[in-house]
Structures are given as structure tokens and as C-alpha cells.
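Structure first, then comments.
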Amino acid sequence: MNGWILAATVGLGGGGAAALWGVTTGSPGRRVIAQNLTTSAVCPALLLLSQGYGRPAYVDLALLMALLGPVGTLVFARLLADDLADERPSAWGLTWAAAGLAAAVVIALCVAGGPGRAMVKLLVIGALLIGGNVIASRALAGGFREVRGG
Amino acid sequence: MSDAVITVSLLLVAGCATAAVVQRDPARQALVLSVLGAVLAVLFTVLQAPDAGLSQLAVGSALTPLLIMLCVRKVRRRGRTKDGAR
Amino acid sequence: MNRLRLWLLAVGGAGLAALLVAACLDLPAFGGRWHPYGDRAVQASLDRHIANTIASVNFDQRAYDTLGEISILFAAVLGCVVLLREARDEHRAPPEPAEVARPVRRYALLVLPVALVTGLYVIAHGQLSPGGGFQGGVVAATALHLLYLGADYGALERVRPLGVYEASDSLAVCAYLVLGLAGVLAGTAFLANTLLPYGTFNTLSSGGTVPLLNAAVGMEVASAVVVLLAHFLDQAVEIEEEHGS
């Protein structure tokens with residue numbers, strides 16, 4: 001048990017519990033925001049676990065999650081556009097906090113790993129994660145307003 | 001002490017799965033299933049099965065929600081057309 | 001008649017329960033140090049210069065089971081295609097163009113090639129790191145549907161000639177079979193991994209036929225998922241029932 005796994009446990013416990021509570025209670029707007037923030041809570045935890053277990057191959061899991069997590073949120077944003085039309089769910093405070101967490105984790109891992117191909121991969125994952133989080137939040141807050149039945 | 005992270009993951013999976021069963025509406029169930037997929041992938045990772053975790057992420061993050069939501073849309077459209085034709 | 005069936009179910013269920021309990025009591029303890037199958041599997045994988053033991057088990061030691069798995073996926077997609085085809089009392093309405101917010105559209109078009117390349121990367125590195133044909137194929141197919149999420153269904157239909165994907169699905173299954181038969185023709189067994197050189201450990205060209213089988217499975221899964229989603233999307237977006245039915 002080292003510091004990385006401890007940090008991952010804390011992140012998973014807090015973020016996972018918050019996401020679960022958000023996605024099971026409340027209005028549809030709150031539920032989709034919680035689903036969006038699941039990606040931002042779990043992906044940094046996967047990066048920390050890969051460093052904690054000493055297995056660089058686990059970073060591929062974080063890469064896939066950073067790519068496909070926002071795609072999942074876009075699916076809900078597009079196909080639930082009618083339900084969300086009145087609400088315009090937006091939680092920009094949470095979004096930027098999640099982006100800050102992702103940036104902190106990526107920077108910490110880059111410093112721990114040192115320069116090289118692994119660092120480039122980490123930076124790509126960080127960019128995908130933060131960009132995807134912001135765009136998915138934008139999509140939920142009215143990005144699919146003009147979509148009718150498509 | 002890495003048992004702590006396994007315990008946390010197991011509890012999260014148990015909670016998500018129970019929540020998924022308790023939900024009645026398919027659209028809301030799809031949202032919970034998306035969260036369940038991510039948490040399951042983490043459980044597989046902490047049990048040192050990254051291949052299974054990767055498969056779970058690939059299928060559960062975008063594909064399964066898309067299939068369920070397309071079915072929900074089809075059912076709703078059919079309901080609306082029948083109401084319109086009446 | 002109902003009672004007889006229930007009795008039959010009870011007898012079968014009791015027999016299954018007894019066998020399961022006996023088997024579970026015989027399992028090694030959780031997290032112990034004695035792993036006879038694991039030791040032999042890892043040794044066989046390392047002998048053939050395959051770094052990812054899961055890929056070795058899937059595509060070398062139990063390659064026949066993987067053939068069964070891709071057949072299951074093929075049959076399932078075939079069943080969905082038959083069930084979801086346009087029926088006689090339905091007609092196809094062209095999809096309405098949609099206006100998506102510009103940042104979302106730009107993001108989708110930017111991430112689509114990245115996701116596609118990542119899918120191909122996961123397929124190609126199946127024998128080195130976690131991943132392989134199945135995972136990479138699903139990622140590649142999902143990447144294509146970013147075009148639907150970021151633009152509209154008309155845009156996706158233009159780059160997705162469905163006949164090509166159906167043909168490539170079948171061709172990939174045949175490729176897997178042909179690779180297996182090559183072993184028979186060379187005098188060894190079906191799907192035996194003794195034809196090609198094993199290469200250097202931990203490089204892309206290691207493991208004999210494992211990278212080729214990975215590629216076949218990747219192509220099959222990607223095409224199958226695209227065909228499956230195409231029929232779901234057609235039903236949800238285009239096909240409508242005739243009024244009055």
C-alpha cells in the first residue's frame with residue numbers, strides 16, 4: 001500500500017459515492033450531470049492505480065475511459081434532449097473542479113515518471129479527459145437544442 | 001492494505017447494481033448502468049484483471065447506453081405516432 | 001403436465017446444486033500460492049514470446065474457444081438484422097438534419113480520428129498489453145458513431161455503406177478459419193501456432209499467428225458492431241409504421 005493507491009482509494013470512495021447518489025436521486029438534469037462526472041472521478045483513479053501497482057500497461061484503461069466516457073455522456077445528451085429541454089442542466093463549478101483534479105493527477109504522474117513516451121501518453125490522456133469533460137458539460141447545457149427526432 | 005481499495009470498489013459495485021435493479025424507467029436505468037460499468041471496470045482493475053476491465057469499458061461506456069436509449073426513443077416515437085393517428 | 005415439468009426442473013436443479021457445491025468445496029483457496037494452471041499457462045505463453053498471457057490463452061492455447069466466441073457474435077448480429085429489418089407495414093422516412101452546437105460538433109470531429117487510431121492501436125498491441133481484437137474493435141466501431149452524435153444520422157449514412165461492413169464481417173470470420181486451416185494444411189493441428197516465427201519478446205511482431213488472429217477478430221467485431229448499431233439506428237430514427245395499422 002503506497003500513497004498512490006491511497007489517493008486512488010480516496011478519490012474512488014468520494015467520487016464514486018457522490019456519482020452514485022447523484023445518478024439515483026433527483027431530476028433528470030442532475031442524473032446526467034452525475035453520469036458525466038463519473039468519468040472525471042474514475043479516470044484519474046485509474047491513472048493513480050496504474051502508478052501505484054507499478055504497471056504502466058494499466059494506463060491504457062485510463063486512455064479508453066478518457067475517450068469513451070464523454071461519448072457516453074453525448075449519447076445521453078442527444079437522446080434525452082427532449083427531457084432535458086426545460087432544465088438546461090449545468091454545473092460549471094463541478095466541471096472546472098473535475099478539470100482541476102485531472103490536471104493535478106496528470107502533472108503529479110508526469111513528475112513521478114519523468115520525460116519520455118509515457119509522459120506524452122499521460123498528457124494526451126489529460127487533454128482528452130479535460131476537453132471531453134468540458135464539451136460534454138456544454139452539450140448537456142443546451143448543445144442539442146435544435147435536434148428533433150434525429 | 002490494498003484490500004482497502006478492493007473493499008471500496010466492491011461496495012460501490014454492490015450499491016450501483018442495487019440501484020440499477022431498483023430503477024424502473026429504462027432511461028434512468030441506462031444512466032445507472034453507465035455508472036455501474038465504470039465502477040465494474042475499476043473492480044476488475046484492482047483485482048488485477050485489466051483485460052476484462054478494458055472490455056467492460058469498451059462496451060459499457062458508450063455502446064450499451066446507445067443501444068438502450070435508441071430502444072427508448074423507438075418506443076416513445078411509436079407511442080407518439082399512435083396518439084397522433086388516433 | 002405442469003406438475004411433471006416442475007418435478008423435472010426440481011430434480012435437474014437439485015443435481016446441479018449438488019455438483020456445484022462439490023466443485024466449490026474442491027477449489028483452491030482465494031489468493032493462495034498454488035496455481036497449477038496459471039503456472040503452466042504463463043510458461044507456455046513465455047515460450048512463444050507472447051507478453052500478454054491473456055492473449056496467449058485466447059488466441060494460442062484456447063484459440064478454438066475464441067472461434068466459438070466470434071461465431072456467437074456473428075450469429076447474434078445476424079439474428080438482430082433479421083429481427084430489425086424493415087417490415088412490410090413500415091416505411092423509411094429520411095432522417096431530419098440536426099443543428100448541433102458548434103463546440104460539440106468540432107469535438108466530435110476532432111476525437112473521431114483519435115478514437116479510431118486508438119482502436120487500431122489496441123488491436124495491434126493485443127499480444128503486448130491489455131487489449132486485443134475484441135476491445136479494439138468495439139472502440140473503433142464506437143468511434144465511427146461519433147459522427148452520428150456530433151452531426152446527424154445522414155452524415156453517418158454517407159460514410160457507412162452497410163454492404164461493405166456486412167461483407168467484411170463475414171470475410172473476417174473466414175480469415176480466422178483459414179488461418180486455422182493453414183495449420184492443418186501444414187501438417188500440424190487446427191489453429192496450431194507453429195507456422196510463423198515467434199519473433200522477439202515484447203515487440204509488435206511476436207507470437208506467431210497471434211497478431212494475425214487478433215487482426216481478424218478486430219475486423220470482425222468492428223464490422224459486427226457497426227451493422228448492429230446501423231439496424232438499431234434505422235429503427236429508432238428512420239423507420240416508421242404506416243398509419244392505420
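The values are calculated or read from the model by the stated rules, or taken from the named source; none is laboratory data. Since the structure is predicted, the reported quantities are computational estimates derived from the model, not experimental observations. Here Cβ is always computed from backbone atoms with ideal geometry, including for glycine, and neighbour counts include all displayed protein chains. Surface accessibility is based on the protein's heavy atoms, side chains included, excluding ligands, DNA and RNA. Shrake-Rupley method; radii C 1.70, N 1.55, O 1.52, S 1.80 Å.
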- Query: Considering only residues of region C:97-114 that are assigned to a helix (DSSP H, G or I) and among the hydrophobic types (A, V, I, L, M, F, W, C), which is most open to solvent (accessible area, probe 1.4 Å)?
  - Reply: C:Leu110
- Message: If a residue must be more than 7 Å from chain B (Cβ to nearest Cβ), open to solvent by 20 Å² or more (accessible area, probe 1.4 Å) and at pLDDT 85 or above, how many such residues does region C:231-245 contain?
- Response: 1
- Query: If we only count helices (runs of 4 or more DSSP H) wholly inside region C:1-88, which ones have 3 or more residues that are exposed (fewer than 11 other Cβ atoms within 10 Å of the Cβ)?
  - Reply: C:2-26, C:36-47, C:63-83
- Task: Please indicate, with yes or no, whether at least one residue in region C:186-208 is in a helix (DSSP H, G or I) and either at pLDDT 85 or above or surrounded by fewer than 23 Cβ atoms within 10 Å (Cβ to Cβ) (or both).
- Result: no
- Query: Name the residues in region B:10-33 that are out of contact with any Cys (no Cβ under 8 Å at 6 or more places or on another chain) and within 7 Å of another protein chain (Cβ to nearest Cβ), would you?
  - Reply: B:Leu12, B:Gly15, B:Cys16, B:Ala19, B:Ala27, B:Arg28, B:Leu31
- Task: Would you please name the residue that is surrounded by the fewest Cβ atoms within 10 Å (Cβ to Cβ), looking only at residues in region A:80-101 that are over 17 Å from A:Ala18 (Cα atoms) and of a type in the set (A, V, I, L, M)?
- Result: A:Ala85
- Task: Look through region B:60-86, keep the residues that are more than 8 Å from every other protein chain (Cβ to nearest Cβ) and aliphatic (A, V, I, L, M), and return whichever of them is farthest from C:Ala236 (Cα to Cα).
- Result: B:Ile68
- Note on the structure: Scanning region C:119-134 residue by residue, those open to solvent by 10 Å² or more (accessible area, probe 1.4 Å), outside any loop (DSSP other than H, G, I, E, B) and within 11 Å of chain B (Cβ to nearest Cβ) turn out to be C:Phe134
- Pairs returned, first residue in region C:46-62 that is within 14 Å of C:Gly133 (Cβ to Cβ) and more than 14 Å from every other protein chain (Cβ to nearest Cβ), second residue that is at pLDDT below 90 and buried (at least 19 other Cβ atoms within 10 Å of the Cβ), beta-carbon separation under 6 angstrom, 6 or more apart or interchain, are C:Asp60/C:Asn193
- Task: With the condition kept exactly as written, say whether any residue in region B:36-44 is surrounded by fewer than 19 Cβ atoms within 10 Å (Cβ to Cβ) and under 18 Å from A:Leu67 (Cβ atoms).
- Result: no
- Message: Tell me the residue from A:Ala66, A:Ala97, A:Ala62 that is more than 9 Å from chain B (Cβ to nearest Cβ) and more than 21 Å from C:Gln135 (Cα to Cα), please.
- Response: A:Ala97
- If you scan region C:97-107, which residues turn out to be under 7 Å from C:Gly150 (Cα atoms) and more than 7 Å from chain A (Cβ to nearest Cβ)? C:Arg105
- Item | Residue selected from region B:45-59 under the condition open to solvent by 10 Å² or more (accessible area, probe 1.4 Å) and not aliphatic (A, V, I, L, M), by the criterion farthest from the other protein chains (Cβ to nearest Cβ) | B:Gln56
- Cross-chain or 6+ apart pairs with Cβ under 6 Å, region A:27-56 first and more than 14 Å from A:Val10 (Cβ to Cβ), then surrounded by fewer than 24 Cβ atoms within 10 Å (Cβ to Cβ) and among the β-branched types (Val, Ile, Thr): A:Ser50/A:Val59
- Qualifying residue in region A:131-145 (condition: of a type outside the set (A, V, I, L, M), within 26 Å of A:Thr9 (Cβ to Cβ) and within 14 Å of chain C (Cβ to nearest Cβ)): yes
- Those residues that are of a type outside the set (Gly, Ala, Ser) and more than 8 Å from chain B (Cβ to nearest Cβ), I need them from region A:7-52; list them, please. A:Val10, A:Trp21, A:Thr25, A:Arg30, A:Ile33, A:Asn36, A:Leu37, A:Cys43, A:Pro44, A:Leu47, A:Leu48, A:Gln51
- Of the numbered conditions (1) within 16 Å of C:Gly208 (Cα to Cα); (2) touching a His at 6+ places or on another chain (Cβ under 9 Å), C:Leu83 satisfies every one except a single condition; which is it? (1)
- Task: Select from region C:135-152 the residues that are surrounded by 23 or more Cβ atoms within 10 Å (Cβ to Cβ), in contact (Cβ under 8 Å) with a residue 60 or more places away in the chain and assigned to a helix (DSSP H, G or I) and list them in ascending order.
- Result: C:Gly136, C:Gly137, C:Val138, C:Ala140, C:Ala141, C:Thr142, C:Tyr148
